[in-house]
1. In the chain, what percent of the accessible surface is made up of carbon and sulfur (1.4 Å probe, ligands and nucleic acids excluded)?
2. Treating only the Cβ of Lys, Arg, Asp and Glu as charged (+1, +1, -1, -1), what charge dipole size does the chain show about its Cα centre? Round to the nearest 20 debye.
3. How many Å² of accessible area per residue for the chain, probe 1.4 Å?
4. Scanning the chain for trypsin sites (Lys or Arg not before Pro) in DSSP loops with at most 12 other Cβ atoms within 10 Å, what's the longest stretch left with none?
5. As an exercise, identify the GluC sites (Glu not before Pro) in the stretch 1-32 lying in DSSP coil whose Cβ has no more than 14 other Cβ atoms within 10 Å.
6. With unit charges on the beta carbons (Lys and Arg positive, Asp and Glu negative) and the dipole taken about the Cα centre of the chain, which residue among ILE22, TYR11, GLY70 sits farthest to the positive side?
7. What does the charge add up to near GLU47, with Lys and Arg as +1, Asp and Glu as -1, over the other residues with Cβ less than 12 Å from its Cβ?
8. How many nm is it between the label spots at GLU53 and ILE18, if each spot is 7 Å from the Cα in line with the beta carbon?
Amino acid sequence: MPRGVKKEVTYTGKAAKINEKILKLEADLKAAKEELKAAYKEQLKEEKRAAKEAEKEKRENLIKALEESGKSTEEILEFLKG
């Protein structure tokens, strides 16, 4: 926790060049973090979409198997209960 007023530092010469480099790297890091956040958000959307698609395909396969079995709805329910 900072205490008091932060003293403004003025760099000259070699220190000024290094300070500029640090400021540039901090800006690049901030931009990279924003890019990472956006990419992760996109990844979550894609994973959610893929899970939804897999669930839909699973249901379609189940319905297809039930239809191809030739059994009535009552027979299938009785089999599942028993």
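1. 58 percent
2. Charge dipole of the chain: 1120 debye, to the nearest 20.
3. Result: 105 Å² per residue.
4. Formally, the longest exposed-site-free interval is 8-82.
5. When the GluC sites (Glu not before Pro) of the stretch 1-32 are filtered for loop state and at most 14 Cβ neighbours within 10 Å, GLU8 remain.
6. Of the listed residues, the answer is TYR11.
7. +2
8. Simple spin-label model gives 5.2 nm for this pair.
The values are calculated or read from the model by the stated rules, or taken from the named source; none is laboratory data. Everything numeric in this text was worked out from a predicted model, so none of it was measured. As a convention, Cβ positions derive from the backbone with ideal geometry for all residues, glycine included, and neighbour counts pool all protein chains shown. Quick note on the areas: whole protein, heavy atoms, side chains included, nothing else; ligands and nucleic acids left out. Shrake-Rupley method; radii C 1.70, N 1.55, O 1.52, S 1.80 Å.
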